[in-house]
Structure formats: structure tokens, C-alpha cells
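K.L.:
Take this structure, written in C-alpha cells, and hold onto it; I'll ask about it next.
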Amino acid sequence: MYPIQATYPATRFRRNRRTDALRRLTQENVLTVNDLIWPVFIKDGTGDETPIASMPGVARQTIDGLVRRAAEAAELGIPAVCLFPYTDPAQRSEECDEAWNPENLTNRAIRAIKAEVPDMTVMTDVALDPYTSHGQDGLMKDGMILNDETVEALVRMAVTQAEAGADVLGPSDMMDGRIGRMRSALEAAGFHSTAIMSYSAKYASVFYGPFRDAVGAAGRLKGDKKTYQMNAGNSDEALRLVARDLTEGADSVMIKPGMPYLDICRRVKDEFGVPTFAYQVSGEYAMLQGAMQAGWLDPVAGMLESLLGFKRAGCDGILTYFALDVARHLKR
């Protein structure tokens with residue numbers, strides 16, 4: 001695979017590490033602002049934000065505040081934000097009607113951002129857990145998640161988000177067949193340019209805990225999600241899922257979580273060569289922040305090194321709560 005090299009001392013690898021300039025000239029992977037998607041949590045109200053205790057530095061924001069932050073993100077060069085709603089418990093139900101309400105929190109936020117920051121790419125989450133009373137990602141009957149009925153609900157949700165102006169839809173539910181049904185519905189409704197970034201390999205992971213606090217699902221979740229999210233011990237299955245979603249019309253794919261599954265990122269990129277993304281999820285972020293705040297990790301170096309690992313693994317972009325901090329640092 002590699003050309004034969006002269007032996008020591010003719011070859012000294014340290015020559016290319018000797019100065020900062022040489023290290024920069026020979027660096028194989030580079031993190032830029034173009035690699036960043038910023039996940040944000042939204043809530044109802046105005047002029048307010050609620051810090052999330054399990055995610056230091058992250059808060060739920062009202063739409064007016066989010067628009068201001070989206071403008072700041074655009075000024076820094078961040079290409080996309082991804083919206084996650086904290087839905088009022090009174091609007092959650094087993095039927096999930098609020099998920100496709102044109103006036104729900106996500107759809108109002110999409111319109112507000114596109115009106116004030118039109119060049120910002122707006123990505124959404126397509127899943128039912130912010131809207132269910134039981135915290136699961138699908139419709140439920142007798143304790144079982146219903147696949148096909150859930151897919152129909154997700155399709156309605158996806159089309160409503162496209163109508164609101166979403167640029168990229170992120171189906172994170174892991175139901176079988178949902179990408180094909182969404183793509184067909186979007187085409188039929190005239191949304192030919194709406195992209196789908198499928199959460200193709202989403203693992204049943206402990207690292208989602210702080211996120212569930214952020215969207216208000218933690219206390220409501222009954223049981224686990226192992227009947228539809230992936231087994232952490234599986235790797236080949238991830239490739240089969242990615243292949244299926246691409247066949248059904250996904251424009252890009254995502255691996256979630258990120259850092260514990262960098263091997264999957266690498267395999268997907270090598271096998272398919274498609275736009276490949278990863279999500280540095282809430283538990284990863286909280287873990288790093290905890291070490292940084294304790295003084296065990298340098299905040300800037302730790303943040304940057306963690307994200308450069310995604311690039312080295314083949315990712316074209318990363319969803320990360322560090323996005324604003326990274327963009328500010330890179331701009332300096």
C-alpha cells in the first residue's frame with residue numbers, strides 16, 4: 001500500500017515536524033468553519049433562555065434569541081444550524097399531532113431564521129420523541145413501536161417542515177423504509193431541492209442522556225430504544241443501512257454518536273464515498289466540558305483535537321455544540 005522508504009537515518013520523520021511551518025505544510029487533515037453544523041435547542045416564549053445543567057454552555061433559546069445567534073453564526077461562516085424543539089408537555093400526546101402542526105415551534109423557528117438570515121442552511125430533526133408523551137421516537141401500541149404507522153407520521157412531519165422552508169431534513173428515527181417514503185412525498189409535493197441527511201447508523205447509546213434533558217424527554221422515556229436503534233456491537237449492519245438509505249434517496253448520511261463510532265465513519269466513507277457526517281452528541285460534549293472545567297483538558301486544544309478526529313475518520317462535517325466556539329477561534 002505504501003511506497004518503500006529509506007531506513008534510518010536517511011529517513012527521519014521528525015524533519016517534517018521540526019517547525020510550525022513544516023507541520024502545517026505536511027498536515028493531512030484540516031478543520032475549517034465549513035465543517036460545522038450547530039445543533040440548537042428552541043423553546044416557546046420571547047427574550048429568554050434556559051441553561052441546560054448537563055450541557056455546560058448550552059441553553060434552550062426562544063426564537064427571537066435564536067435568530068440573533070443564527071445571524072452571529074452566519075457572520076462567523078458557519079453554514080448550517082440544526083433545530084431541536086423543547087415541546088410544552090401539554091402539546092405532547094400518543095398521536096403526535098403537534099409534530100406536523102404548521103405552527104409548531106420548529107416550523108416557526110425555520111420561517112424566522114429564513115426571513116432574517118436567508119443564507120443560513122436550516123436543518124431539522126425528523127423524529128417523534130419531542131412530541132410523544134412516552135418519549136419514544138415512534139407511535140406505540142401495547143408497548144411496541146409501530147414501524148409503518150410511524151413512517152406515515154414522519155412523512156407528514158417532513159413535508160410540513162419543507163413547507164416551512166427547511167433546507168435539510170434529518171430523519172433520526174431509525175424506522176425501516178422512511179427515507180423512500182419521505183423522498184417520494186417531497187417530490188410529489190414539489191420539494192425537489194429539499195435535501196435529506198439520513199441518520200443511517202444511529203446507535204442505541206448511553207451518550208444521549210444530556211440531549212434528552214435538553215428536549216424534555218428524559219423523564220418521559222419508558223423503556224429503551226433498542227428495537228429500532230443499532231446494537232453497539234455491530235459494524236457491518238451500519239453499511240447495509242447506509243446502502244439502503246442511499247438507494248431510497250438520501251443525499252448524505254450521518255453516524256451517531258460520533259467519537260465512539262469513528263470506525264463506522266471511516267468504513268462508510270471508504271465504502272460509499274458519499275457526503276458523510278457525524279454527530280458529536282450531548283454526552284460526548286458534556287464529558288469533554290466536564291474535563292475542561294475541572295482543568296484536566298485545555299479547552300481550546302481539547303475541542304479542536306476532538307473535532308479533527310472526525311475529519312481524519314473521513315467525515316465531511318460534524319454536528320457539534322462547540323460550533324460557535326470553534327468558529328470564533330478559527331476566525332481569530
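What follows is calculated from the coordinates using simple rules that are stated; it is not laboratory data. Fair warning: this is a prediction, and the values are worked out from it, not measured in the lab. Quick reminder, even Gly has a Cβ in these numbers, built from the backbone with ideal geometry, and neighbours come from all protein chains shown.
K.L.:
Pull out the extension gain between Leu308 and Glu94, defined as 0.36 nm times the separation in residues minus the alpha carbon to alpha carbon distance; nm, one decimal.
P.N.:
That works out to 72.9 nm of additional length.
K.L.:
With a cap of 15 neighbouring Cβ atoms within 10 Å, and only residues DSSP puts in a loop, list the trypsin sites (Lys or Arg not before Pro) found in region 101-207. Write down the numbers at each step before the final one.
P.N.:
On the way: sites: Arg108, Arg111, Lys114, Lys141, Arg156, Arg178, Arg181, Arg183, Lys202; in loops: none.
Here no trypsin sites (Lys or Arg not before Pro) fit, given the DSSP loop and packing criteria.
K.L.:
Determine the calculated [θ] at 222 nm for the chain from helices alone, applying -39500 (n - 2.57) to every DSSP H run no shorter than 4 residues and normalising by the residue count; nearest 500 deg cm²/dmol. Each step should come with its number before you reach the end.
P.N.:
On the way: 11 runs with 127 residues, N = 332.
It comes out at -11500 deg cm²/dmol, rounded to the nearest 500.
K.L.:
Below 8 Å between Cα atoms, with a sequence gap of 6+, how large is the relative contact order for region 34-331 in percent?
P.N.:
Numbers: 582 pairs, mean separation 55.5, N = 298.
The value is 19 percent.
K.L.:
In whole Hz, what ³J(HN,Hα) sequence does region 228-242 give by Karplus (6.51, -1.76, 1.60; θ = phi - 60°), x for Gly and Pro?
P.N.:
In residue order, the calculated couplings are 10, 8, 6, 6, 4, x, 9, 10, 4, 4, 4, 5, 5, 5, 4 Hz.
K.L.:
Expressed as a whole percent, how much of the Cα-Cα distance distribution for region 183-332 exceeds 24 Å? Provide the component values of the computation, followed by the final result.
P.N.:
On the way: 4517 of 11175 pairs.
Here the long-distance tail beyond 24 Å is 40 percent of all Cα pairs in region 183-332.
K.L.:
Using the 2.2 N^0.38 Å rule of thumb for compact globular proteins, work out how the chain stacks up: its C-alpha Rg over that value, please. Display every interim value, and only then the final one.
P.N.:
Working: Rg = 20.5 Å, N = 332, 2.2 N^0.38 = 20.0 Å.
Here the answer is 1.03, to two decimals.
K.L.:
Could I ask something else about it? Taking amide H positions as placed 1.01 Å from N in the peptide plane, with prolines and chain starts having none, which residues 5 or more places from Ala201, or on another chain, fall under 5 Å of its amide H?
P.N.:
Met254, Lys256
K.L.:
What's the Kirkwood radius of region 21-161 in Å, using all Cα pairs? Spell out each step's value before the answer.
P.N.:
Values: mean 1/r = 0.0597 Å⁻¹.
Here the Kirkwood hydrodynamic radius works out to 16.8 Å.
K.L.:
Tally Lys and Arg at +1 and Asp and Glu at -1 over the other residues with C-beta under 13 Å from the C-beta of Ala278: what net charge comes out?
P.N.:
Values: positive: Lys202, Lys256, Arg266, Arg267, Lys269, Lys311, Arg312; negative: Asp35, Asp263, Glu284, Asp316.
Once positives and negatives cancel, what remains is +3.
K.L.:
Please report the antiparallel percentage of the DSSP beta bridges confined to the chain, to the nearest 5. Kindly include the intermediate steps, with their values, before the conclusion.
P.N.:
Details: 5 of 38 bridges.
Just about 15 percent of them are antiparallel.
K.L.:
Let me ask something additional. Among the listed pairs Lys202/Lys311; Lys43/Lys269; Lys202/Lys331; Lys222/Lys256; Lys43/Lys331, which are separated by more than 25 Å between their Cα atoms?
P.N.:
Working: Lys202/Lys311 19 Å; Lys43/Lys269 35 Å; Lys202/Lys331 32 Å; Lys222/Lys256 21 Å; Lys43/Lys331 30 Å.
The answer is Lys43/Lys269; Lys202/Lys331; Lys43/Lys331.
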